[in-house]
Amino acid sequence: MDLDANPSAEPGSQASELEALFSFLGRIQQDQNLRDQLNEVITAPDVVAIGAAHGFQFQAATLLGLFERCNEAPLARQGLMDEKLIRVYLQRERLQAP
C-alpha cells in the first residue's frame, strides 16, 4: 500500500497524519490505561477510534499501510494490539523516511 497515494490529501497532510499516528503510538508504553483499551480491540478502525478519543486524528488506511510495510498482519489477536503497535512505533524512523 502506498502511503502517499491519497489524491484528495493536501500536500504535507500525509506527513502530519503520520506525525499524529506516531505521537499516539509513542504514548502506548507509558499509559497503561491506553494499553488496556488497545488490547480490547483487534482491527485498525478500532485503533483509529481510540486514537480519536485521545485527540489523535489518523486514518485506518494509514495504519494498515504501516502494518503492511512492517510485515504485520492487519488484525491482532485479542490482547496483543499494543505489542503490534509498539513494534510499528519502533520502526518509525525507517517508515517516515522518503
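The values are calculated or read from the model by the stated rules, or taken from the named source; none is laboratory data. Please read all numbers here as calculations on a predicted model, not as lab measurements. Each accessible area value is taken on the protein alone, full model and side chains, heavy atoms only, with ligands, DNA and RNA left out. Shrake-Rupley method; radii C 1.70, N 1.55, O 1.52, S 1.80 Å.
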>> Using only the alpha-carbon atoms, how far is helix 60-69 inclined from the longest principal axis of the chain? Give it as 0 to 90 degrees, nearest 10.
In response: 90
> How big is the Kirkwood radius of the chain, worked out from every pair of different alpha carbons and given in Å to one decimal?
Replying inline: 13.4
>> So with the 1.4 Å probe, I'd like the accessible area per residue for the chain, rounded to whole Å².
In response: 57
>> Heavy atoms of the protein only, probe of 1.4 Å, neighbouring chains included. What is the accessible area of Asp31 in Å², nearest 10?
In response: 40
>> Rounded to two decimals, what is the ratio between the C-alpha radius of gyration of region 29-85 and 2.2 N^0.38 Å?
In response: 1.03
